[in-house]
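Below you'll find the structure, written out as structure tokens, and then a few comments.
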Amino acid sequence: MRVKMTPHWKDVGLNNGIGQVIYNYHRWMPEVGIELVDEDEDVCVSHLGTAANCDVHHNHGLWLGKELNGLQMGQNRVIINSALTAGAVVVPSNYVANYFKRDMRISPFVVGHGVNCDEWQPSINRRYVLWNKNRMGDVCDPQSVTELALRFPQIDFLTTFSKTPLRNVYETGPLKFEKMKQFIQSASIYLATTPETFGIGTLEAMASGVPVLGFRFGGTADIVSHLEDGYLVEPNDYESLAHGLAWVFSNRDKLSKAARAKAETYSWLNVVKQLKEIYASQCHNHVL
């Protein structure tokens, strides 16, 4: 099967979740007989709304909220147009699927992402809590870091962004993928308090044996099992989040092993096998 996929991962970069997803599609799709081409394709596949009237639209979420700027609103229009004109829509979680079903009357295919567990080995536990997003604003709010750091002054927090200067909070700013990978592997706890469309960073942390502490929403709720490989509380319940932090530290060894085992069930090979079936349903030449 010949598939034209836009954009290329090189155009998106690897320092973000979408770029990592597209990169792994390119890496693993040849293993199931999918040839990625620039022309004469059997199936046209679009990410980020780059192609209207495509055969398959991969959706990685929309800009949500009441205070969107002109650029974000414009990007939403492009993505929605691509989704409405596509033969099939693929989303990474039930969280994303629900607003497609509710707001656009589209029933998408739900196909989560994967992780290369052999590349995410547990490292030395440096005893810090990590929050890492590549931007601050809209839904990416590091307030949870501030709330927990104030309650636990004896614990260090490493974060890409911070709202309040505190003695035990260390702000790194956005980092290249390989550098951030080192920080993920050495963390004690991964703080997942953003409504993720999936949560590929969460999965990378779990593959590294790092338990997840977070809010029970977005893709995190699909991935993390409360009290088994992480600890989830209702959004913005900081008192319960603080209780969870103490509990995870007390049970980290057990949670670490369970988190790693959970991540091992998320295979990129299984992901692309599912996608091949979807692509075949939209294939111009109806070949497998």
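Points worth noting:
- Y238-L175 FRET efficiency (beta carbon distance; Förster radius 25 Å; 0.05 resolution): 0.45
- Subset of K10/K262; K10/K181; K4/K133; K10/K179; K133/K262 violating a 28 Å alpha-carbon distance limit: K10/K262; K4/K133
- Pairwise inverse Cα distances across the chain, averaged and inverted, put the Kirkwood hydrodynamic radius at 19.7 Å.
- Backbone N within segment 185-218 under 13 Å of label point (7 Å from K273 Cα along the Cβ vector): none
- Using distinct alpha-carbon pairs, which all enter the 1/r mean, Kirkwood radius of segment 118-231 in Å: 14.0 Å
- Set of aspartates and glutamates with alpha-carbon distance to K66 below 20 Å, sequence-local pairs under 8 removed: D103, D138, D141, E196
- Computed [θ] at 222 nm, deg cm²/dmol, the chain (DSSP H ≥ 4; -39,500 (n - 2.57); rounded to nearest 500): -11500 deg cm²/dmol
- Added length on full extension, which subtracts the Cα-Cα distance from 0.36 nm per residue, R126 to H8: 38.9 nm
- Computing FRET efficiency as 1/(1 + (r/R0)^6) for N94 and R167, where r is the C-beta to C-beta distance and R0 is 41 Å, gives about 0.55.
- Taking 0.36 nm per residue of separation and subtracting the Cα-Cα distance, full extension of the segment from D38 to T265 would add 78.5 nm.
- Within a straight-line Cα-Cα reach of under 16 Å, K276 can be paired with the following aspartates and glutamates, leaving aside sequence neighbours fewer than 8 residues apart in one chain: E31, E35, E41, D42, D55.
- Furthest towards positive pole of dipole, A52, F100, V129, structure part segment 2-140, Cβ charges: V129
Where a number appears in this text, it was derived from the coordinates with a stated rule and is not lab data. A quick note: this is a predicted structure, and the numbers were derived from the prediction, not measured. Counting neighbours? That spans all protein chains shown, and the Cβs are built from the backbone with ideal geometry, glycine included.
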